[in-house]
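A short worksheet on the structure shown next.
The values are calculated or read from the model by the stated rules, or taken from the named source; none is laboratory data. For clarity, every value in this text was computed on a predicted model and none was experimentally measured. Here Cβ is always computed from backbone atoms with ideal geometry, including for glycine, and neighbour counts include all displayed protein chains. These accessible areas exclude ligands, DNA and RNA; they are computed on the full protein's heavy atoms, side chains included. Shrake-Rupley method; radii C 1.70, N 1.55, O 1.52, S 1.80 Å.
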Amino acid sequence: MKKRIILHFDMDYFFAQIEERENPHFKGKPIVVGADPKGGRGRGVVSTANYEARKFGIKSGMPISKAFKLCPKAIFLPVNMELYQKVSEKIMEIAKKYSPIFGQISLDEAYLDLSFLFHDRRKKEIVWEKAKKLGEKLKKEIFEKERLICTVGIGPNKLVAKIATNQAKPNGLLVITPQKVKSFLAPLDIEEIPGIGPKTAKRLKSLGIRTISQLRKLSKEKLKKMFGKVGERFFEAARGIDREPVLVKEIVKSVGKQITFEKDTRDPKIIFAEFEKIIKAVFQELKEGNFYCKGIVVLCRYFDFETHSKSKTFKKKTKNFKLIKREAEKFLLKFLLKSKKPLRLIGLRLKVS
Ligand code: DCP
Ligand code: CA
Ligand code: CA
């Protein structure tokens, strides 16, 4: 495979940082963006928190009631998605100019393939030095135009670039040249490898494997036996190998809404009435964005946090409210029939174009 240079960047504490920018008097104080904590009785979750709030142990995805317990004096703000989306678009417009091979993977992060730097036939070291300069320039431009900080990771592939970003957070820039890949990865926790979540990590840790260098002791066959096809990817990732190209394809756009019931419920009247409100709100967004709907995802969380989703892609993209509503309600009904457990949350997302 041809030698590559990949840059990855990710905005630091994205939603909370935008709120800090919009409200300078919040700076230096703990900020939590997410559901309404309702004095500790709120039932939603934390979207993100700034570093001051993280010092109290507050994290993305945590119940908002727990965040409130950890730091009641934090500033709790609702999610202003419209604003974050606008800011995201501006940032991506800036980043895109740095390479024709640009792949956005979420609101606040993207990869850039900088391999064109190799075309300039000078020494290899100079190429990596130039990549670093581009990374610095990107950070500077985002800060000057948007007043927001981010972290940049640069490496010979997406895997190493992304891990470099995570290691350099916040407001950092880390370049891992091919010669340094193995020693860079060696001491890191296995969970730094994308795809190794808490469950996989637990199985590996039961074998005494905590770091990436320890992971290298397992053969490809053993990993394949344990985890199937992804096991092979873990084997390669432990050695810093990753062949995934930067995909220029646009990220799937979607519009959606979810609600957490005030009280867990099985009452179909309440459930379908709330769902109808969700459908209407989401359909309104579809209209405002002048989008077509390509498919739907219905989400349901039972009282014990067990979460399921059902999705469907339409044969033809549509704007037909009745059709979308019927399909969405069918899925919701299936969830109600599948289990007798009360529901905590329901949601609907439309894939659009
Ligand atoms: N987000 C969310 N719910 C989650 C995780 C993230 O709503 N469970 C939102 C809020 C984040 C944004 O997505 O600001 C980007 O997610 P990141 O994982 O990149 O986290 P942050 O940007 O907040 O922090 P970091 O500085 O660690 O990247
Ligand atoms: Ca981020
Ligand atoms: Ca991110």
>> So if I average 1/r over every pair of distinct C-alpha atoms in the chain and take the inverse, what Kirkwood radius in Å does that give?
In response: 22.7
>> Can you give the local net charge around E232? Use residues other than it whose beta-carbon is closer than 9 angstrom to its beta-carbon, Lys and Arg +1, Asp and Glu -1.
In response: +3
> Quick one: net charge of Q214's neighbours, Cβ under 11 Å, K/R +1, D/E -1?
Replying inline: +3
>> Between R216, R233, R326, where does the largest GNM mean-square fluctuation fall for the chain, given springs only between Cα atoms within less than 10 Å?
In response: R326
> Which of the chymotrypsin sites (Phe, Trp or Tyr not before Pro) found in region 105-190 are loop residues per DSSP with 11 or fewer other Cβ atoms within 10 Å of their Cβ?
Replying inline: none
>> Using C-alpha positions alone, give me the convex hull volume of region 3-155 per residue in cubic angstrom.
In response: 117
>> Could you compute how fast region 257-353 diffuses translationally, taking Rh as the Kirkwood radius over C-alpha pairs and applying Stokes-Einstein at 20 °C with viscosity 1.002 mPa s? Give it in µm² per second.
In response: 159
> How big is the charge dipole of the chain about its Cα centre, in debye rounded to the nearest 20, if each Lys and Arg gets +1 on its Cβ and each Asp and Glu gets -1 on its Cβ?
Replying inline: 1320
> If region 154-292 were replaced by its equivalent ellipsoid, with semi-axes equal to the square roots of 5 times the Cα gyration tensor eigenvalues, what would those be, largest first, whole Å?
Replying inline: 41, 22, 15
> What distance in nm separates the simple spin-label points at F272 and K180, each placed 7 Å from Cα in the Cβ direction?
Replying inline: 6.2
>> Restricting to DSSP loop positions (anything but H, G, I, E, B) with no more than 13 other Cβ atoms inside 10 Å of their own Cβ, which GluC sites (Glu not before Pro) remain in region 274-353?
In response: E306
> R0 = 51 Å: FRET efficiency of L207 with Q284, Cβ-based, nearest 0.05?
Replying inline: 0.50
>> Going Cα to Cα from K27, which lysines come in below 17 Å? Please leave out same-chain ones fewer than 8 positions away.
In response: K55, K73
> Are there chymotrypsin sites (Phe, Trp or Tyr not before Pro) in region 218-326 that DSSP puts in a loop and that have at most 10 other Cβ atoms within 10 Å, and which ones?
Replying inline: F305
>> Order D242, D189 by their accessible area, 1.4 angstrom probe, all chains in place, largest first.
In response: D189, D242
>> I'd like to compare 10-22, 334-346, 164-176: which one has the highest average count of other Cβ atoms within 10 Å, and what's the full order after that?
In response: 10-22, 164-176, 334-346
> Picking from S88, S60, S311, which is most flexible by a Gaussian network model of the chain using Cα springs under 10 Å?
Replying inline: S311
> Using the alpha-carbon centroid of each, what span in Å lies between region 254-283 and region 105-174?
Replying inline: 42
>> Two decimals, Cα atoms only, Kirkwood Rh: what is Rg/Rh over region 186-238?
In response: 0.89
> PRE reach from K334 (point 7 Å along Cα→Cβ): which of region 232-259 fall under 17 Å by backbone N?
Replying inline: none
> If R0 is 25 Å, what FRET efficiency do you get for S219 and L247 from their C-beta distance, rounded to 0.05?
Replying inline: 0.20
>> What distance in nm separates the two pseudo spin-label positions at T307 and E82, each 7 Å out from Cα along the beta-carbon direction?
In response: 2.5
> What Kirkwood hydrodynamic radius do you get for region 15-79 when you take the inverse of the mean 1/r over all pairs of distinct Cα atoms, in Å?
Replying inline: 11.1
>> Ignoring ligands, DNA and RNA, please state the percent of accessible area on the chain from carbon and sulfur, probe 1.4 Å.
In response: 55
